[in-house]
Amino acid sequence: MATEFNKISLGYQAHQVVEWQVNICFKDYLFPCHQGTDLYTKFHGLQLDSHLNWKDHIDKMIPKLSATYYAVRSMFHISNNVTLKSIYFAYFQSIVLYGIILGGNSSNSRRIFTLQKKLIRIMVGIHTRTPRKSLFKKLEILLVPPQYIFSLMNFLVDNQKNFKTHSSVHSIDTRNKDHFHKPFANLSCFQKSAFYSGTRIFNSLYHTVSKI
C-alpha cells in the first residue's frame, strides 16, 4: 500500500495485528486484509497483550528487575547505601517508571512490589519480617503503588487541557465544581486507563491537596 502524497510504502509483512478483547465481543482489525492475528505485540518498549492486563509486559520486566536484586545483594558487603541507591534508581526504578501510568494498577504489578520490598531489605541488611514502611522513608524511596499515583498525578497536571471540570460540563454551582469530570464507562479496561484512573484519584485527593 502506498500513498501518492508522501510516497511512503507500507508493507503488511512488517506489521502485527492484535485483536483487542474486552468484556463485549467485538472485532476491530486495523488491517482487515492481513491474515491471522497475534496475541501480543511490542510497541515503544511496552509488551501489549490482547487483554491489556500487562502480564506479558511484567513477565519481560521481572528478569531485568531480578538482575538488579542480585547485583545489590552482591554489592552489599563492599559498598555503602549511596552506591546501592544509585544502582536501585539506575536499574530498578528507571524500568518500573517506564509506562507505569498504563499498567501500574494491574494486579500483576504486585510481583514488582514484592520484589521491591525484598530489594529494600537487602539494601538495609535486615530480616525479611522487619516492617518495611520505615525502610522506604529512610532510603527516600517510594513504594510502587505510591509511585504509580505520583506519576499519574504528574501526567494529569501536565495534560490538564485534555480534561474537563464539572463547571465546564454544567453551570450548577456545586462544591465539587473544580473536580475533573469523570467520563461514564462500563468496561473495566477503560476504568483502569490513565485517563479514567487519573481523574478518579485526583478528585479523591483534591480537598487534601488544596489544604496543603
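The values are calculated or read from the model by the stated rules, or taken from the named source; none is laboratory data. Quick caveat, the model's predicted, so the values are computed rather than measured. Neighbour counts run over all protein chains shown; Cβ positions are idealised from the backbone, glycine included.
In region 63-122, how many are within 23 Å of LYS138 (Cα to Cα) and outside any helix (DSSP H, G or I)? Of the residues in that region, 2 qualify. Does ILE126 meet the test of being modelled with pLDDT of 75 or more, of a type in the set (A, V, I, L, M), surrounded by fewer than 16 Cβ atoms within 10 Å (Cβ to Cβ) and assigned to a loop (DSSP other than H, G, I, E, B)? Answer is yes for this residue. Is there a residue being in a helix (DSSP H, G or I), surrounded by 14 or more Cβ atoms within 10 Å (Cβ to Cβ) and of a type outside the set (S, T, N, Q) anywhere in region 167-188? No, because not a single residue in region 167-188 is in a helix (DSSP H, G or I), surrounded by 14 or more Cβ atoms within 10 Å (Cβ to Cβ) and of a type outside the set (S, T, N, Q). So is ILE141 under 30 Å from LYS118 (Cα atoms), part of a helix (DSSP H, G or I) and among the β-branched types (Val, Ile, Thr) or not? When the stated conditions are applied, ILE141 does not pass them. When region 66-88 is filtered for residues that are in contact (Cβ under 8 Å) with a residue 40 or more places away in the chain and among the aromatic types (Phe, Trp, Tyr), the ones remaining, listed by number, are TYR69, PHE76, TYR88.
Take the conditions surrounded by 14 or more Cβ atoms within 10 Å (Cβ to Cβ) and either at positive phi or of a type in the set (Val, Ile, Thr) (or both) and apply them to ILE95. Does it pass? Taking the combined requirement at face value, the residue satisfies it. Against the numbered list (1) out of contact with any Ser or Thr (no Cβ under 8 Å at 6 or more places or on another chain); (2) within 20 Å of PHE155 (Cβ to Cβ), SER79 comes up short only at (2). Taking the criterion of being at pLDDT 80 or above and charged (D, E, K, R), the residues of region 22-75 that qualify are LYS55, ASP56, ASP59, LYS60, LYS64, ARG73.
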